[in-house]
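See structure below.
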Amino acid sequence: MKHLTGLYGLPASTLLDILNLASSYREGLKAENPSFDPVLVNRRVALVFFENSTRTRFSFEIAARHLGAGTLSFSASASSVTKGETLSDTIRNLEAMKVDAFILRHPSSCSAEFVASITDRPVINAGDGTHEHPTQALLDILTLREYFGRIEGVKIMILGDILHSRVARSNIFGLRTLGAEIAVCAPATLLPCRIDHLGVKVFTGIDEALAWADAAIVLRLQLERATGGYIPSLEEYSASYGLTDEKLDRLKRLLPVLHPGPINREIEISNLVADRIQPPGYSSSMLMEQVTNGVAVRMAVLHRLLSKHS
């Protein structure tokens, strides 16, 4: 694996290698003052973000620094992109400055694969359009594996805007490769055509989907969809597909809940469900576990790609 542009087609052995290394880093992160072997000392990692980010950008930066690497932070709004510089020119200029790896977030699908085709430096996809977001899926998988002790045979329901979600795609590819059963739940207008061809169950009713699932991954509703004709209104979407305590109470069993963030509170997920770290109740929020696991996963990915790169 020279790059990580997506989880599609990656073998289970590669995914498990990353997850196992991430688990060891996760143990180290539990210390009050975590300290790690600086395996990437004197390496320089460029965070090339053409879209806004909080969790992904900061966790990559923290991950790189834990491993001894330096980081260069690129923002499209404060760069020569505003003067007309192309993506390929941006990458080549950074490459000429002896950057050792690129972490790319871009609004265009498959932009990470394009960058990987024009550089010999490792490229990590931090989210490209509606295509993939591999490290988000890996941290979700790590969180689920920590909770259940396994992935194979676990029933995972992905709820929300599947049509536009790079997180959903990467999770489907990664989780299915590791043997999980996957279902999606959304209004028909937010489901891709022939989504069932990816080997997932399809629900359009939330109660049936929740009854089937062992865990739920709730996706952010991109608010612009409300004015794009995909849903009647935010209020109706929330009433029908928002994950609330009342809906979970009907299960009469505990359901772990994940969300990639940022959260639209009281739209796709209620405050109570988002913030309930521990039972009592019938849900347990895994959101903060995901954030910590995001650092561990990104440490593992940087370690695997950069320690082998010469």
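Beyond 31 Å in Cα-Cα separation lie the following of the pairs 30/98; 2/201; 201/247: 30/98; 2/201. In the chain, the DSSP-assigned H stretches of four residues or longer account for a calculated mean residue ellipticity at 222 nm of -12000 deg cm²/dmol, using -39500 (n - 2.57) per stretch and the full residue count as denominator. With the convex hull of its Cα atoms as the shape, the stretch 223-295 has an orientation-averaged projected area of 5.3 nm².
Simple spin-label estimate for residue 20 and residue 208 gives 4.1 nm between the two label positions (7 Å along the Cα-to-Cβ direction from each Cα). Shape summary of the chain, radius of gyration then Dmax from alpha carbon positions: 19.3, 59 Å.
In summary, the convex hull built on the alpha carbon positions of the stretch 134-290 has an orientation-averaged projected area of 8.1 nm².
Calculate, for residue 31 and residue 288, the FRET efficiency according to 1/(1 + (r/R0)^6) with r their C-beta to C-beta distance and R0 22 Å; round to the nearest 0.05.
0.80
Between residue 193 and residue 251, the contour length at 0.36 nm per residue exceeds the alpha carbon distance by 17.9 nm. In the chain, taking the dipole from charged Cβ atoms about the Cα centre, the farthest positive-side position among 129, 59, 255 is held by 59. Kirkwood hydrodynamic radius of the stretch 59-185, from the reciprocal of the average inverse Cα-Cα distance over all distinct pairs: 16.4 Å. Shape annotation for the stretch 121-215: C-alpha extents along the principal axes are 45, 33, 18 Å, from largest to smallest. Sequence neighbours fewer than 8 away in the same chain don't count; with that in mind, list the aspartates and glutamates whose C-alpha is under 13 Å from residue 252. Those aspartates and glutamates meeting the cut-off are 207, 214.
Computed from point charges on the beta carbon alone (+1 for Lys and Arg, -1 for Asp and Glu), the dipole magnitude for the stretch 134-290 about its Cα centre is near 420 Debye. Within the listed set 132, 51, 246, the residue fluctuating most in the Gaussian network model of the chain (springs between alpha-carbon atoms under 10 angstrom) is 246. Restriction of the trypsin sites (Lys or Arg not before Pro) in the stretch 1-98 to DSSP coil positions whose beta-carbon has at most 14 other beta-carbons within 10 angstrom yields 2, 30, 98. For residue 126, the residues 5 or more places off, or on other chains, whose built amide H falls under 5 Å of its own are 104, 105.
Report the gain in length on full extension from residue 93 to residue 44: 0.36 nm times residue separation, minus Cα-Cα distance, nm rounded to one decimal. Write out the running numbers ahead of the final one.
Numbers: separation 49, 0.36 × 49 = 17.64 nm, distance 1.42 nm.
Result: 16.2 nm gained on full extension.
All of the numbers you see were taken from the coordinates with simple rules; none came from a lab. Because the structure is a prediction, the values reported are computed rather than measured. Quick reminder, even Gly has a Cβ in these numbers, built from the backbone with ideal geometry, and neighbours come from all protein chains shown.
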